[in-house]
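The values are calculated or read from the model by the stated rules, or taken from the named source; none is laboratory data. What you see is a predicted model; the values in this text were computed from it and never measured. Quick reminder, even Gly has a Cβ in these numbers, built from the backbone with ideal geometry, and neighbours come from all protein chains shown. With ligands, DNA and RNA removed, areas are computed over all heavy atoms of the protein, side chains included. Shrake-Rupley method; radii C 1.70, N 1.55, O 1.52, S 1.80 Å.
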Amino acid sequence: MTTHQTNAAWGRLEVIAGPMFSGKSEELMRRVRRATIAGVEVAVISHALDTRADLSTVTSHIGVNIPAIAVSDVAALAEVVEAGDYDLVAIDEAQFFGPELVPLVTGLVATGVTVIVEGLCVTFDGDPFEPMPTFMALAEDVLKLTAVCTICGRDAVFHQRIVAGAETGRDGDGPVGATEIDPSHVGGLESYVARCREHFAPIS
Ligand code: ADP
Ligand code: TMP
Ligand code: MG
């Protein structure tokens, strides 16, 4: 008879993915609040590029926030997690960290840490936005959220960039390609709207 051994040293990868306005940050905050009540040692990480609100918070589009440690890249994130003894690491805006985030996160999970990775899985051109698709493939648990289409009210999987003159084209031949990480892409309701499949008009 085969016996199944459990290895308490392994953590867990949880993913919260979706377009802008889908409630990703709200869901991350809900999970962090629950963990905090349960006495779990939590590190909440935000990216320093996101200057929409106080850098030392994760903030939703309606202004609800929780304290966070803002870091500017994967190396700085590694320093933060190595300096503490965290059971749970919750990362907001994972798309800003790029693909180098994947080995850091899988390494943390291998040492027994539960990691929540939350971010955009699609760019404003409508293409997959790494590293979120990779995390979705590797996770124990994936929550894929949708927003509300601002034209028809149906489920929105996409977001349309509405900044004049900001078009990039799918091959990124404009000002800054959609898969590039750039401060000019940071924004909220003034720069993006949620769109369903029918009403999303990617720049071709
Ligand atoms: P995300 O981090 O996914 O961009 P947030 O958690 O910051 O989203 O904010 C979600 C909130 O945004 C919703 O609960 C709602 O109050 C608000 N909101 C504004 N526009 C929309 C929209 N088009 N669809 C859904 N929610 C929206
Ligand atoms: P949100 O998921 O909390 O709405 O935040 C998404 C952030 O990412 C916001 O600052 C806008 C930015 N962004 C990009 O950098 N590139 C993109 O392709 C899109 C759609 C948003
Ligand atoms: Mg958010």
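Structural remarks
- The range 1-128 - percent of accessible surface contributed by carbon and sulfur, probe 1.4 Å: 54 percent
- For the chain, with +1 on Lys and Arg beta carbons and -1 on Asp and Glu, the positive-most of 88, 179, 35 along the dipole: 35
- Charge dipole (Cα centre; +1 on Lys/Arg Cβ, -1 on Asp/Glu Cβ; no other charges) of the range 12-145 amounts to roughly 460 debye.
- Just so you know, the Rg over Rh for the chain is 0.99, from Cα atoms, with Rh as the Kirkwood radius.
- Under the Karplus curve 6.51 cos²θ - 1.76 cosθ + 1.60, θ = phi - 60°, whole-Hz ³J(HN,Hα) for the range 61-75, x wherever Gly or Pro sits: 5, 9, x, 6, 8, 9, x, 8, 9, 8, 10, 9, 7, 5, 4
- Relative contact order for the chain, counting Cα pairs under 8 Å that sit 6 or more residues apart, in percent: 27 percent
- The chain - accessible surface per residue (Å², probe 1.4 Å): 50 Å²
- With the charge dipole of the chain set up from +1 on Lys and Arg Cβ and -1 on Asp and Glu Cβ about the Cα centre, the Cα lying farthest toward the positive end among the listed residues 158, 99, 137 is that of 158.
- The chain: angle of helix 101-110 to the longest principal axis, Cα-based, in degrees nearest 10: 20 degrees
- Estimated distance in nm for a label pair at residue 127 and residue 110, the labels positioned 7 Å out from Cα along Cα-to-Cβ: 3.0 nm
- Sum of -39500 (n - 2.57) over DSSP H runs of 4+, divided by residues of the chain (222 nm, nearest 500): -6000 deg cm²/dmol
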